[in-house]
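Data first, discussion second: the structure below is written as structure tokens.
The values are calculated or read from the model by the stated rules, or taken from the named source; none is laboratory data. Predicted model only: the values in this text are computed from it and were never measured. Heads up, the Cβs are rebuilt from the backbone with ideal geometry, glycines too, and the neighbour counts pull from every protein chain shown.
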Amino acid sequence: MTLTELRYIVAVADEKHFGRAASRCFVSQPTLSIGVKRLEDELGLTLFERSKTGVYLTATADQLIEKARNILQEVDSFKNFSDQTKDPFSAPLRIGAIFTIGPYLFPALLPALKSQEPKLRLFIEESFTGVLREMLKKGQLDAIIVALPFTEPDCEVIPLYTEPFEVLIPENHPWAKETSIQPKQLNGDDVLLLGEGHCFRDQVIDACPALSRGSGNGNHLMAEGSSLETLRHMVASGLGMTVLPASAAGLENYAPGYLTTRPFTKPEPSRTVALAWRKKFPRKEAIDLLIDVISKQVSPKINAEYLGV
């Protein structure tokens with residue numbers, strides 16, 4: 001039994017496909033298949049059912065795969081700890097962020113990190129909170145940047161900054177004459193929201209309950225977009241309005257006369273952005289640097305650019 005064979009069976013369990021698992025492990029499919037078969041023979045068990053329609057875990061495989069995953073995480077932790085004794089910033093830091101944070105945080109974060117620690121490199125993943133949570137638990141990411149609330153056993157979570165929501169409207173919209181918008185005003189107008197699965201969509205509906213499809217109000221259009229940028233483009237085209245986090249409400253990509261924003265009346269709805277990482281992650285110095293740079297350099301910059309302070 002070898003660590004390589006354990007990596008093979010974990011990859012097959014994740015991918016449910018021998019070809020994709022082989023690509024993930026950077027080996028040929030025959031090499032991976034031989035390794036998996038050799039381990040199955042040694043264990044005296046069949047881990048995978050192979051058929052023309054796919055690859056399935058057998059009833060006995062689940063616990064063994066999970067133990068293999070834990071072993072590999074411990075090995076990676078051992079290697080990372082060895083690297084840490086030399087230099088905690090020498091290996092790449094694997095960072096995840098949700099779709100509504102990453103594009104607006106990273107342009108300010110990366111230069112600030114580079115100026116503080118030129119050796120530190122980032123591997124970046126953007127996805128939904130649920131996907132990032134699983135990648136963090138499996139050791140595929142070292143830390144993730146998400147919106148609260150977020151809880152996960154064996155993980156540390158620390159708030160980084162809080163940002164209010166703003167209403168994005170066409171510049172010729174009647175609301176452009178108002179200084180602030182009440183959440184209930186969104187009831188009965190054409191409102192564009194992110195699609196299902198985005199936590200920001202849920203936060204907006206919590207702040208403006210009339211937007212819920214289950215509210216029974218048929219007076220407004222609720223179109224859906226795949227990203228905040230898609231929503232911005234639809235607002236610019238005149239399709240309706242949307243709600244954005246303040247960091248995403250910049251208007252610099254459009255010529256004057258298309259878009260404007262208005263804050264909500266106080267207490268305005270907002271979200272808190274946080275960093276989560278595994279408690280046993282050995283390169284704590286890299287996490288501390290990330291927290292320090294976001295809290296002291298990036299967050300004030302976001303406030304200065306987007307919040308008018």
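Taking the numbered list (1) in the same structural domain as Asp202 (by TED's automatic domain parsing); (2) modelled with pLDDT of 90 or more; (3) surrounded by 22 or more Cβ atoms within 10 Å (Cβ to Cβ) in turn, Phe264 passes all entries but (3).
Here's the yes/no breakdown for (1) of a type outside the set (Lys, Arg); (2) surrounded by 15 or more Cβ atoms within 10 Å (Cβ to Cβ):
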| position | (1), (2) |
| --- | --- |
| Ala59 | yes, no |
| Asp62 | yes, no |
| Arg69 | no, yes |
| Leu72 | yes, yes |
| Ser77 | yes, yes |
| Phe99 | yes, yes |
| Gly102 | yes, yes |
| Val131 | yes, yes |
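Checked against (1) touching a residue at least 60 places away in the same chain (Cβ under 8 Å); (2) under 23 Å from Arg69 (Cα atoms); (3) outside any strand (DSSP E or B), Gly197 meets all criteria but (2). A single entry from Leu136, Leu132 fulfils the requirement of being outside the structural domain of Ala246 (by TED's automatic domain parsing) and more than 20 Å from Val75 (Cα to Cα): Leu132. Can you tell me how many residues in region 119-176 are of a type in the set (S, T, N, Q) and assigned to a helix (DSSP H, G or I)? Number satisfying all stated conditions: 1. If a residue must be of a type in the set (D, E, K, R) and in contact with a Lys or Arg (Cβ under 7 Å, 6 or more places away or on another chain), how many such residues does region 29-70 contain? Number of matching residues: 1. Looking across region 21-57 at every residue that is modelled with pLDDT under 85 and either within 32 Å of the chain's Cα centre (by Cα) or among the hydrophobic types (A, V, I, L, M, F, W, C) (or both), the one that is surrounded by the fewest Cβ atoms within 10 Å (Cβ to Cβ) is identified as Thr53.
Looking only at strands (runs of 3 or more DSSP E) that fall completely inside region 218-299, which ones have 1 or more residues that are within 30 Å of Asn187 (Cβ to Cβ) and among the polar types (S, T, N, Q)? Lay out the reasoning, then the answer.
Details: elements: 222-225, 241-245, 259-263, 270-278.
Output list reads 241-245, 259-263, 270-278.
Residue pairs whose Cβ atoms lie under 6 Å apart, sitting 6 or more positions apart in sequence or on different chains, and linking a residue in region 251-277 that is free of Cβ contacts under 8 Å to residues at least 40 places away in the same chain to a partner that is not in a strand (DSSP E or B), are Tyr254/Ala236. Among the residues of region 173-195, is any more than 19 Å from Leu239 (Cα to Cα), of a type in the set (Asp, Glu) and at pLDDT 85 or above? Looking through region 173-195, at least one residue is more than 19 Å from Leu239 (Cα to Cα), of a type in the set (Asp, Glu) and at pLDDT 85 or above.
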